[in-house]
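Nothing in this text is a laboratory measurement; each read-out follows from the coordinates by a stated rule. Only a predicted model underlies this, so the values are computations on that prediction, with no experimental measurement involved. Counting neighbours? That spans all protein chains shown, and the Cβs are built from the backbone with ideal geometry, glycine included.
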Amino acid sequence: MSWKIPLFDIDIGAAEIEAVTEVLSSRWLTMGEQTQAFEAEFGKFVGSRHVFCVSNGTAALHLALAASGIGPGDEVIVPALTFVATANAILYTGATPVFADVSSTTDFTIAPSQIEACLSSRTRAILVMHYAGFPCEMNEIGRIARERQLVIIEDAAHAPGARLGGKYCGTFGVCGCFSFFSNKNMAMGEGGIVTTDDDGIAEKLRLMRSHGMTSLTLDRYKGHNYSYDVIELGYNYRNTELQATIGLVQLRKLPDYNLQRKKLTEYYYQQLTGVPGLTIPFQQHPGQSSYHIFPILLEAGINRKNFMSYLKENGIQTSIHYPPIHQFSYHRQLKESRRNDLTLTEDISQREVTLPLYPLMSFKQIDYIVEIIKRFMAEKIFESSKK
Ligand SMILES: *Cc1c(COP(=O)(O)O)cnc(C)c1O
């Protein structure tokens, strides 16, 4: 399938190619100076004391939960309207995800009132996800967590550079988890970061990222250590220097990327205003978004499959964020996970469509998308609502 306008496209250019070539020539391919430089720069960017680069965003989530001591018998409150990895990371630890509903049809982030409805004597943590890059209600969620002494972990996969009250997403909780998968705001192919300001958690993250070993290959190469001990159950969640060096270049481009995403999103807002048959969430949001994706909500009665097919016939790729986790075949069996009402999540997940958004996109491409949507709404509304 060759799209006129894909859902996303990445910007990899001469700087990334040069950086990777240099790393290859250096002959040090895993966790070395590039990784250290990337961690330091990312920490400075978001304002976090400890930063650990890992192999992907899911590994970041798993490590954050494991290092926070989450395990069997514990419950972690999480939205169902997120990527499946958010909940799977909880399952890896042996803990139980408990799905909370989202705020409204204009704010798809986890609702503080619904977090409260999910609390039990086993609740240990709240795992929030900043949907599309719009910060969750962290003041209210922070209050709930403080009252109950719960751990907050942030899935900030959509939200590098997003802020609320000047504070960066990924620094509100005990740990912030980022993903640098190819379709994210910063692309490294695969990659992730977990941040923390807690020295104790940082030590655990450092150990658990690499087999629980007390020394790293780099330390031994530098002559710092002869042997090692293993003092935690660790994993191999290491990243390569190739990823880290791409990350460094992409991090420097990120502020411009996010600004361009904002401009494109505002242009969408402007051009889609008054178009019948759809609404746009997050337009009155108090935070500074990183505009990871552009979601719209079709009105009830409009057939989403027909809508997406019509755009596809016209060369426009769309997507759904997200099929809710509690409805997947595997996750349906987790009875304890779905004791809360998820009406809004289910409604949104049936009507949401994600339109193309990426920094290299042009305003003219948005004009075309809006034109096609208007045509669908004019021609197809009746036909599709008959079903
Ligand atoms: C991409 C993503 C992840 C997982 O990150 P990977 O790097 O693909 O493992 C987790 N949560 C959300 C919300 C994501 O979008």
Gain in span if fully extended, S120 to W3, counting 0.36 nm per residue against the direct Cα distance: 37.3 nm
query: Using r as the Cβ-Cβ distance of S113 and S227, and R0 as 56 Å, what FRET efficiency do you calculate, to the nearest 0.05?
result: 0.55
statement: If the chain between E336 and D256 were fully extended at 0.36 nm per residue, the gain over the current Cα-Cα distance would be 24.5 nm
- prompt: Given a Förster distance of 45 angstrom, what is the FRET efficiency for N88 paired with K374, based on the Cβ-Cβ distance and rounded to 0.05?
  reply: 0.70
Table column - 3J(HN,Hα) (Hz), the stretch 355-370, Karplus curve with 6.51, -1.76, 1.60, x for Gly and Pro: 8, x, 7, 6, x, 7, 5, 9, 5, 5, 5, 5, 3, 5, 4, 5
field: Label point distance in nm, L278-D367, each placed 7 Å from Cα along Cα→Cβ
entry: 1.8
task: Using DSSP to define loop residues, name the chymotrypsin sites (Phe, Trp or Tyr not before Pro) in the stretch 300-387 whose beta-carbon has at most 15 other beta-carbon atoms within 10 Å.
output: F328
query: Taking Cα centroids, how far is the stretch 48-62 from the stretch 242-265 in Å?
result: 18
message: Tell me the net charge near C136. Cut-off is 15 Å between Cβ atoms, C136 excluded, with +1 for each Lys or Arg and -1 for each Asp or Glu.
response: -4
query: Between R27 and S329, what is the spin-label point distance in nm, taking each point 7 Å from the Cα along the Cα→C-beta axis?
result: 5.0
- prompt: If Lys and Arg each add +1 and Asp and Glu each add -1, what is the summed charge of the other residues whose beta carbon sits under 11 Å from the beta carbon of I115?
  reply: -2
field: Pairwise Cα inverse-distance average, inverted: Kirkwood Rh of the chain (Å)
entry: 21.8
- request: Please sort by residue number the trypsin sites (Lys or Arg not before Pro) in the stretch 311-360 whose DSSP state is loop and whose Cβ has at most 12 other Cβ atoms within 10 Å.
  value: R339
- request: For the chain, set up a Gaussian network in which alpha carbons nearer than 10 Å are linked by springs, and say which option among L254, L242, L24 fluctuates the most.
  value: L24
field: Label-point separation in nm, N236 to E299, each point 7 Å along Cα→Cβ
entry: 5.6
message: Helix-only estimate, please: 222 nm mean residue ellipticity of the chain, summing -39500 (n - 2.57) across DSSP H runs of length 4 or more and dividing by its residues, to the nearest 500.
response: -13000 deg cm²/dmol
